[in-house]
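Below is one structure; the comments refer to it alone.
The values are calculated or read from the model by the stated rules, or taken from the named source; none is laboratory data. Just so it is clear, the structure is predicted and the values come from calculations on it, not from any experiment. Backbone-built Cβ (ideal geometry, glycine too); neighbour counts: all protein chains shown. With ligands, DNA and RNA removed, areas are computed over all heavy atoms of the protein, side chains included. Shrake-Rupley method; radii C 1.70, N 1.55, O 1.52, S 1.80 Å.
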Amino acid sequence: MHLDPLAILTAFGLIFLAELPDKTMFASLAMGTRMRPLYVWFGTSSAFIVHVAIAVGAGSLIGLLPDWIVKLVSASLFAFGAFMLLRNGGGDDEEENGTRTVTGFWPVYSTAFMAVFISEWGDLTQITTANLAASNGTWSTAIGSAAALMSVSALALLAGQFIAKRVPLKTVQRIGGVCMLGLAIWTVVEIFIG
């Protein structure tokens, strides 16, 4: 098992920026107002780990293809991610409805797990994780991606209201979109110079 610190940081940075304005952050924030935050974090983190494992598995299969095809697919996925982040502001997707308070570890854990597990299928961060795993290594990508997703969930639970009131989410999305566009361009350049 080879761990590349740069690949870990790359995965962490990209996934963190892509997940910040995501509906899952708002769901975590909403659940944290009605449920015990630590229990919510355990549930969301477990769901994120499952999604990272699935994405990394898909990415390692992609990695069996010839290098130029992998880079072309990676560039396309990065470009798609940039488009998704830059096309419009994303809005406020606080989809947690109802006001019932849930207590106890297992009810909170399972509610948080299912909310994230269902909403993250085919999400930009899952696609990006698969993409990074194909080109940057399985374990490094898994560690960076999981740490980023778990950090965003913790951030939403601990300081989500502060971020929502003071940092425009469109700004975060634009930074993430520009980073992904830059990676798409760089990946295409690598096809011709590599």
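Any chance you could count how many residues in the range 180-194 are modelled with pLDDT under 80 and open to solvent by 60 Å² or more (accessible area, probe 1.4 Å)?
Number of matching residues: 1.
Based on what the data block shows, is THR103 at pLDDT below 75 and closer than 30 Å to ARG36 by Cα? If you could, list the steps in order and put the result at the bottom.
Values: at pLDDT below 75: no; closer than 30 Å to ARG36 by Cα: yes.
For THR103, the condition - at pLDDT below 75 and closer than 30 Å to ARG36 by Cα - is not met.
Only residues in the range 1-12 that are of a type outside the set (A, V, I, L, M) count as the first member; pair them with residues that are modelled with pLDDT under 95 and open to solvent by 100 Å² or more (accessible area, probe 1.4 Å), Cβ under 8 angstrom, at least 6 apart or cross-chain, and list the lot.
Correct list of pairs: HIS2/TRP139.
Return yes when ALA18 is modelled with pLDDT of 75 or more, over 14 Å from ALA147 (Cα atoms) and touching a helix residue (DSSP H, G or I) at 6+ places or on another chain (Cβ under 7 Å) and no when it is not. Give the derivation first.
On the way: modelled with pLDDT of 75 or more: yes; over 14 Å from ALA147 (Cα atoms): no; touching a helix residue (DSSP H, G or I) at 6+ places or on another chain (Cβ under 7 Å): yes.
For ALA18, the condition - modelled with pLDDT of 75 or more, over 14 Å from ALA147 (Cα atoms) and touching a helix residue (DSSP H, G or I) at 6+ places or on another chain (Cβ under 7 Å) - is not met.
Looking only at the range 64-100, how many residues end up being surrounded by fewer than 16 Cβ atoms within 10 Å (Cβ to Cβ), modelled with pLDDT under 75 and β-branched (Val, Ile, Thr)?
Of the residues in that region, 1 qualify.
Taking only pairs six or more apart or across chains, which ones have beta-carbon atoms under 8 Å, a first residue in the range 116-129 that is modelled with pLDDT under 85, and a second residue that is open to solvent by 10 Å² or more (accessible area, probe 1.4 Å) and part of a loop (DSSP other than H, G, I, E, B)?
SER119/GLU95; ASP123/ASP22; LEU124/ASP22
On the basis of being at pLDDT 80 or above, closer than 17 Å to GLY137 by Cβ and out of contact with any Leu (no Cβ under 7 Å at 6 or more places or on another chain), does ALA53 make the cut? It would help to see each step written out before you state the result.
Details: at pLDDT 80 or above: yes; closer than 17 Å to GLY137 by Cβ: yes; out of contact with any Leu (no Cβ under 7 Å at 6 or more places or on another chain): yes.
Criteria met by ALA53.
Can you pull out every residue in the range 1-35 that is in a helix (DSSP H, G or I), farther than 23 Å from VAL178 by Cα and open to solvent by 40 Å² or more (accessible area, probe 1.4 Å)? Outline the logic, then answer.
Start the filter on the range 1-35 by keeping residues that are in a helix (DSSP H, G or I), which leaves 5-19, 23-34.
Now restrict to residues that are farther than 23 Å from VAL178 by Cα: 27-34.
Those that are in a helix (DSSP H, G or I), farther than 23 Å from VAL178 by Cα and open to solvent by 40 Å² or more (accessible area, probe 1.4 Å): THR33, ARG34.
Within the range 147-162, how many residues are crowded, with 19+ Cβ neighbours inside 10 Å and either at pLDDT below 90 or within 9 Å of VAL56 (Cβ to Cβ) (or both)?
3
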